[in-house]
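The structure under discussion appears below in the form of structure tokens.
Here, each number is a calculation from the coordinates, and none is a lab measurement. Bear in mind the structure is a predicted one, so any value in this text is a computation, not a measurement.
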Amino acid sequence: MPVSSNSGQTVCHFILPSIKMLLTLAVIIVASLIPLANWPAHGLLLAVVLVGLSLAEVPVSYLARRLSLFLPLLIVFGLTIPMTQTNKTTAWAWAALLSLRCVISFLAGLWLIHVLPVTELFATLLRWRCPPALVAMLSFMYRYIFILWDELGRLRRARDARDFGDRKVIRRWTGNAQTIGLLIVRAMERAERTHHAMLARGWDGSVRYLGNDPTP
């Protein structure tokens, strides 16, 4: 479940929201533009990002949990490059470069969500003239992902109660598939109810944040 720490009082937390986003975008853009021949520059950029995470007092356990979810997907994706190229040496070099770029960008994103509260992030996006529909979608996704996570926990407990903790592989896969299907159905039903409730309360499609005026 995505959790961001926004209550810190480090020097990084006092930077203006727009500057925080610009710094993050700059790191991601620079990481993507550094050529393969200058790979030591990626190491320097990674060191800068790690210094930023240290200044923001991001817990190592927090980074470890996020990287444990991100790295396996990145490794699987990176292995597809050598498999589809004839020049294995160059392919492995590009795979390593791509992985390093993704790690740097991922860590920069973790720094941003750690030092920038979500409401300020959305308000900054509105000030940058991002489409209001996109900001509203991101806002609802963030708000309701926690509700869906709790719903998934209830479905898992109900499944375990029905099969008495049976851990056979086939039954576990079947149960997981049924749980995912039921979660999708419940999410759609909850979204429909939420939409009607918001319309009844005068929702006009505009995103507003108290204390964060999106107008320049």
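Structure notes:
- For the range 27-37, 3J(HN,Hα) per residue [Karplus equation, 6.51 cos²θ - 1.76 cosθ + 1.60, θ = phi - 60°, Hz, x = Gly/Pro]: 4, 5, 5, 4, 4, 7, 9, 5, x, 4, 5
- Percentage relative contact order, the chain, counting C-alpha pairs under 8 Å, at least six apart: 28 percent
- Correct choice for Rg and Dmax of the Cα atoms in Å that was computed from the model, options [x] 21.4, 61; [y] 16.2, 49; [z] 19.6, 65: [x]
- Report summary: the helix-based calculation at 222 nm, which adds -39500 (n - 2.57) for every DSSP H run with n ≥ 4 and divides by the residues of the chain, gives -26000 deg cm²/dmol.
- Three-way shape call for the range 130-200 based on the alpha-carbon gyration tensor, with the a/c threshold at 1.5: prolate
- Cα shape, the range 63-188, gyration tensor, a/c 1.5 rule: oblate
- Rounded to whole Hz, the Karplus (6.51, -1.76, 1.60) HN-Hα couplings of the range 135-147, x for glycine and proline: 5, 4, 5, 5, 5, 5, 4, 5, 5, 9, 5, 6, 5
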